[in-house]
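Notes follow once the structure below has been shown.
Values in this text are rule-based calculations from the coordinates and carry no lab data. The structure displayed is predicted, hence computed values, not measured ones. Heads up, the Cβs are rebuilt from the backbone with ideal geometry, glycines too, and the neighbour counts pull from every protein chain shown.
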Amino acid sequence: MAIYKHPDLHIHSTISDGSDTPLELLEKVRSSDIDIFSLTDHDTYIGCKEIHENLQDGDPTFLGGIELSCHDDLGDYHILGFCYDVNKPSIRSATEMTHNARRNKALNRLKFLEDVYHFEFTQEDKDELLQNENPGRPHFVDLLLKKGYVKDKAEGFELVAKYHGKERRLTPEEAIDAILNADGIPVLAHGILGGGSTVLTAEQIDERVKRLKGYGLMGLECYYSSFTPEQTEIMLALTKKYNLLVTAGSDYHGNKKTVPLGNSGDADPEVMERFYRTVKFLLDL
C-alpha cells in the first residue's frame with residue numbers, strides 16, 4: 001500500500017469560504033508536492049463532485065470531504081467527514097439543515113450589524129452575500145471592507161464575531177451520525193483549538209474527545225498548520241488513549257487566510273498509516 005508523504009486533508013474552496021474555485025485548487029495541488037488531498041468545504045459537498053469529475057490519471061489521490069459545524073454544551077466543534085457516500089440520506093439531510101441555518105444566520109448577522117453599529121446594506125449587498133453557497137465570516141469581512149466599515153480583516157473578524165445567534169445547529173453527535181450513516185470517517189478538526197478561534201486546555205480537549213468517541217468519532221486532526229509542537233503532542237496522545245485515527249491538514253482558504261496550501265504540520269507518514277489503510281479499505285485504492 002502507498003504511504004503518502006505530503007497530505008493535505010483540510011482545504012476550502014469558493015463553495016464555502018475559500019478564494020480558489022475547486023478547479024483552481026486541483027491545478028494548485030497538481031503543481032505542488034501534495035500526494036493525497038481532500039476538499040472539506042463547510043457544510044457542503046458540491047465542490048467535491050466537481051473535482052471528482054475532473055481528476056486525471058496520475059493526479060494525487062483525492063478523498064471526498066466535508067467540514068460540518070456543530071455545537072453542544074461544551075462549545076463549538078468542526079467535524080470533518082471523509083470518504084462518505086454523497087447519495088446517503090443522512091449526509092444530504094445534515095447539509096441541507098446546516099445550509100439553511102447558515103443562510104438564516106447570515107441574514108440575522110446583517111440585521112445585528114445594522115441595529116448595533118448602524119451600518120447600511122443595500123439589497124444588492126445582501127443578494128451578493130447570499131449568492132455564496134454557505135456564507136460565513138470571511139464573506140462578511142469582505143463586505144465590511146468593501147463598504148469601508150472596517151480598516152482591515154482583523155477588525156472585521158472581531159466585529160462579526162460579536163454576533164451570537166440562536167440559529168439551529170447540528171450537535172457533534174448528529175454530525176458524527178450523519179457521516180457514519182453515509183459510510184464515512186468522522187474526524188475532529190483542529191481539536192485543541194475548539195471551533196478554530198479558541199484554545200482549550202489538555203483537560204478540556206480530553207473531555208471533548210472522550211464524549212465524541214462515545215458518539216462514534218474515528219479520528220483526530222493531529223497535524224495542523226496552526227498547532228504548536230506541544231498541541232500536536234497532546235492530540236497524538238489522545239489518539240493513543242482513545243484508539244483513534246490520525247489526519248493532517250492545512251485549513252487552506254486561499255487569500256482569505258495566510259496559511260499555505262500543503263502546510264499540514266510536518267505530518268509523519270508512519271503515524272498516519274492506519275488512516276490510509278482505513279481509506280484503502282473503504283475506497284479500494
Next item on the list: Excluding residues on the same chain fewer than 8 positions from LYS153, give the aspartates and glutamates whose Cα lies under 15 Å from its Cα.
Entry: ASP17, ASP142
Next item on the list: Could you pull out the pairs from LYS126/LYS256; LYS146/LYS256; LYS105/LYS213; LYS210/LYS241; LYS126/LYS257 whose alpha carbons sit more than 18 Å apart here?
Entry: LYS126/LYS256; LYS105/LYS213; LYS126/LYS257
Notebook entry, point to check: Once you charge only the Cβ atoms, +1 for Lys and Arg and -1 for Asp and Glu, what is the size of the charge dipole of the range 1-108 about its Cα centre, to the nearest 20 debye?
Noted result: 260 debye
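Can you give the local net charge around TYR149? Use residues other than it whose beta-carbon is closer than 10 angstrom to its beta-carbon, Lys and Arg +1, Asp and Glu -1.
+1
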Note to self: Given axes a ≥ b ≥ c from the Cα gyration tensor, I'd like to know whether the range 158-240 is rounded (a/c under 1.5), prolate (a/b larger than b/c) or oblate.
What the structure shows: oblate
Notebook entry, point to check: Label ASP127 and THR258 with points 7 Å out from Cα along Cα→Cβ: what is the distance between them in nm?
Noted result: 3.7 nm
Notebook entry, point to check: When the Karplus curve 6.51 cos²θ - 1.76 cosθ + 1.60 is applied with θ = phi - 60°, which whole-Hz ³J(HN,Hα) does each residue of the range 35-51 get, with x for Gly and Pro?
Noted result: 10, 8, 8, 9, 8, 10, 4, 5, 6, 7, 10, 4, x, 5, 4, 5, 5
Next item on the list: Classify the range 231-285 as rounded, prolate or oblate from the Cα gyration tensor: take a ≥ b ≥ c as the square roots of its eigenvalues, call it rounded if a/c is under 1.5, otherwise prolate when a/b beats b/c and oblate if not.
Entry: oblate
Checklist line | Whole-Hz couplings from phi, Karplus 6.51/-1.76/1.60, listed for the range 262-277; x for Gly and Pro | finding: x, 7, 9, x, 6, 4, 8, x, 5, 5, 8, 4, 5, 5, 4, 5
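Using packing as a proxy for protection, rank 65-75, 113-123 so that the peptide with the highest average count of other Cβ atoms within 10 Å comes first.
Descending packing order for the listed peptides: 65-75, 113-123.
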Check: Sorted from largest down, what three extents in whole angstroms do the Cα atoms of the chain have along their principal axes?
Finding: 58, 44, 38
Next item on the list: Indicate the gyration tensor shape class of the range 105-160 (rounded, prolate or oblate), computed on the Cα atoms with a ≥ b ≥ c the square roots of the eigenvalues: a/c under 1.5 is rounded; otherwise a/b larger than b/c is prolate and the rest oblate.
Entry: rounded
Checklist line | Charge sum, other residues only, whose C-beta stays under 11 Å from THR21's C-beta, Lys/Arg counted +1 and Asp/Glu -1 | finding: -3
Margin query: Give me the net charge for the shell around THR171: Cβ to Cβ below 13 angstrom, other residues only, Lys and Arg +1, Asp and Glu -1.
Written below: -2
Item checked: Between helix 137-147 and the chain: long-axis angle, C-alpha atoms, 0 to 90°, nearest 10 -> 30 degrees
Margin query: Which residue, HIS139, HIS10, ALA101, has the largest displacement toward the positive end of the dipole of the chain when charges sit on each Cβ (Lys, Arg +1; Asp, Glu -1)?
Written below: ALA101
